[in-house]
């Protein structure tokens, strides 16, 4: 990891508003040329973090390093980073060309170069012929592409994107995702992308960081974050999750845990977050799509119950099952023509291969909460 | 006007009342206009149409010089009012709620307090400071109320502007004053036109402040009318009055057009349409 050049490093970054801590001791390194996403629910501090990197807000403490340089005290206009905002922020009194040329003029590029750079960038985002249009004559997607061109034309070291697709409808969002990803590859600029949509983040990013309550809970490749969450919040935020509470009863040499479930005393072994102690309160993460209906075999975690809810979503069927002992569980099945739908109230057996389970620590009122600093300092 | 249903007698009564009130309000203005073109010097009855009085007014050296004085005062005081109101409005955006309240209070005070009181206060101040009365003191007096109107208008415009666009500009590398010049100012432009024209109109027809602060050597057009009318109301006074009305109404009409965004597109080059979402 250390061999990769650092584009941005946040060190103990904290932003406090009055009594509210928006960003809480965030440590993060983003590499050059990386597509990095910060995800989390609204109010988790992801946008504030982005604004601090842009220089539109300032940290209460901690520092922002761009490459090796501390830019924490530089005003926004001096930072070689640019932002694409959620509300586009196009200047309504300027046409598309002048919007894109805005920063180049501030940089005092020669007139001829400006025209050339702007045209090239407009071509790149597919708006080559729209230079003379006013922003209000453009659709939402087109406006966002102008905003993108306006930021990218400056050749920033890092491009910050603050929920840039939030105002677009689903289909347009998919298109824009493709455009963003291909632009990022082509231009090899580091992208820092903020969104509350984990699916969007997962599909585009090299790595993601999950934020909650101002803290960075976990950083990693989308696969890792999804399959191997470090905290309950991450497990729950990045997808549907069945979390079964239990206690660590045994640890073997390879770091596999033996866990006893609290609800029904069932014992099983599975891998999980390294370093858990004997007796630690944990949860086993069983993703609904890994669950099987009426197909249990040896070495699996099983639960009996009846179907309480069915929702059919085209490619998949989601069942909610009231289990005997483990509460409500959800499971997703492939909706192929042969299997059909299971009816409500039908008694079923759910099972998960223990190799599909993942053990992570949870806080319990009776025990000490996990030290916070460790929680923010993810893989 | 929409027809009132005959069953709604209350509605009819209300309509008649409002109509009567408006006739009463506008009758004097109509009289002034009629009498500006009335052949009858005594203005006791209509004796036919004539341009005579208008010509007389235009030919009068005193009227022309007073018109110029009024115009100078109006232009200078509106420009100064804007020069005060723009920074005040910008300051208020970043100010604490308390600071804003203070600005609002002092602004509205200048609008609400009797003009005669502030004129008197200025007169006393100028004489204490041994400042000779003249066109400059009149301009200062007009700035007192003009700046208040300008601040109200500019603040109203700024209230519709989030800081988002300015942040975008800063993010794109614009220094603070460049942000103002390239983003804030174009956004404000329609409000500046409106504020300037209103200030001009208010200044142009002011009597009280001008009378207090003009001294003996300076006279504005409204002062002239006031002076003439104290002896007798002759047709020429009416003609001057009509001229004043035309100028003031012209300003207000133009202001309304700007406020509705009809002229801004062309007039304020590259300006934001007023009322446009940011």
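Checked against (1) closer than 25 Å to residue A:146 by Cβ; (2) away from every other protein chain (no Cβ under 14 Å), residue A:25 meets all criteria but (1). Could you tell me which of the residues B:182, B:178 is at the interface with another protein chain (Cβ under 7 Å from one of its Cβ atoms) and either crowded, with 23+ Cβ neighbours inside 10 Å or in a helix (DSSP H, G or I) (or both)? So the residue among B:182, B:178 that is at the interface with another protein chain (Cβ under 7 Å from one of its Cβ atoms) and either crowded, with 23+ Cβ neighbours inside 10 Å or in a helix (DSSP H, G or I) (or both) is B:178. Looking only at residues in the stretch A:342-372 that are closer than 14 Å to residue A:218 by Cβ and not assigned by TED's automatic domain parsing to the domain that holds residue A:268, the one that is modelled with the highest pLDDT is A:370.
How many residues, within the stretch B:155-175, are within 17 Å of residue A:103 (Cβ to Cβ) and not in a helix (DSSP H, G or I)? Reasoning before the result, please.
Here is the first cut: in the stretch B:155-175, the ones within 17 Å of residue A:103 (Cβ to Cβ) are B:164-175.
Adding the requirement that they be not in a helix (DSSP H, G or I) leaves B:172-175.
Number of matching residues: 4.
Answer yes if at least one residue in the stretch A:218-235 is surrounded by fewer than 17 Cβ atoms within 10 Å (Cβ to Cβ), over 27 Å from residue A:52 (Cα atoms) and without any contact (Cβ under 8 Å) to a residue 60 or more places away in the chain, and no otherwise. Yes, there is a match, as at least one residue in the stretch A:218-235 is surrounded by fewer than 17 Cβ atoms within 10 Å (Cβ to Cβ), over 27 Å from residue A:52 (Cα atoms) and without any contact (Cβ under 8 Å) to a residue 60 or more places away in the chain.
Quick test for you: out of A:103, A:40, A:33, pick the one residue that is more than 26 Å from residue A:239 (Cα to Cα) and away from chain B (no Cβ under 14 Å).
A:33
Yes/no matrix, rows are residues, columns are (1) more than 7 Å from chain B (Cβ to nearest Cβ); (2) over 17 Å from residue A:54 (Cα atoms):
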site	(1), (2)
A:79	yes, no
A:83	no, no
A:88	yes, no
A:91	no, yes
A:95	yes, yes
A:111	yes, yes
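Could you list all residues from the stretch B:95-130 that are surrounded by 14 or more Cβ atoms within 10 Å (Cβ to Cβ) and not in a helix (DSSP H, G or I)?
Within the stretch B:95-130, B:95, B:113 meet the criteria.
Return a yes/no flag: does the stretch A:182-190 have any residue that is over 29 Å from residue A:67 (Cβ atoms) and away from every other protein chain (no Cβ under 14 Å). No, because not a single residue in the stretch A:182-190 is over 29 Å from residue A:67 (Cβ atoms) and away from every other protein chain (no Cβ under 14 Å). When restricted to residues that are within 10 Å of chain A (Cβ to nearest Cβ) and surrounded by fewer than 18 Cβ atoms within 10 Å (Cβ to Cβ), the stretch B:138-175 contains 4.
All told, residue A:284 falls short of being at pLDDT below 95, surrounded by fewer than 15 Cβ atoms within 10 Å (Cβ to Cβ) and more than 30 Å from residue A:158 (Cβ to Cβ). Taking the stretch A:125-141 as the range and being assigned to a helix (DSSP H, G or I), away from chain B (no Cβ under 14 Å) and more than 29 Å from the chain's Cα centre (by Cα) as the test, the residues that pass are A:128, A:129, A:130.
When residues in the stretch A:321-345 are screened for being crowded, with 17+ Cβ neighbours inside 10 Å and without any contact (Cβ under 8 Å) to a residue 40 or more places away in the chain, 2 of them pass. Of A:171, A:181, all but one fail to be at pLDDT below 90 and assigned to a helix (DSSP H, G or I); the exception is A:171.
Could you go through the stretch B:64-77 and let me know if any residue there is out of contact with any strand residue (DSSP E or B) (no Cβ under 6 Å at 6 or more places or on another chain) and exposed (fewer than 11 other Cβ atoms within 10 Å of the Cβ). Working first, answer last.
Taking the stretch B:64-77 first, the residues out of contact with any strand residue (DSSP E or B) (no Cβ under 6 Å at 6 or more places or on another chain) are B:64-77.
After this cut, where a residue has to be exposed (fewer than 11 other Cβ atoms within 10 Å of the Cβ) as well, the list is none.
No - not one qualifying residue is present in the stretch B:64-77.
For every residue, the table says whether it meets (1) modelled with pLDDT under 75; (2) assigned to a helix (DSSP H, G or I); (3) buried (at least 17 other Cβ atoms within 10 Å of the Cβ); (4) more than 14 Å from every other protein chain (Cβ to nearest Cβ).
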position	(1), (2), (3), (4)
B:238	no, yes, yes, yes
B:246	no, yes, no, yes
B:252	no, yes, no, yes
B:255	no, yes, yes, yes
B:261	yes, no, no, no
B:269	yes, no, no, no
B:274	yes, no, yes, no
B:277	yes, no, no, no
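The values are calculated or read from the model by the stated rules, or taken from the named source; none is laboratory data. In this text, all values refer to a predicted model and were calculated from it rather than measured experimentally. So basically every Cβ, Gly included, is an ideal-geometry build from the backbone, and we count neighbours across all protein chains shown.
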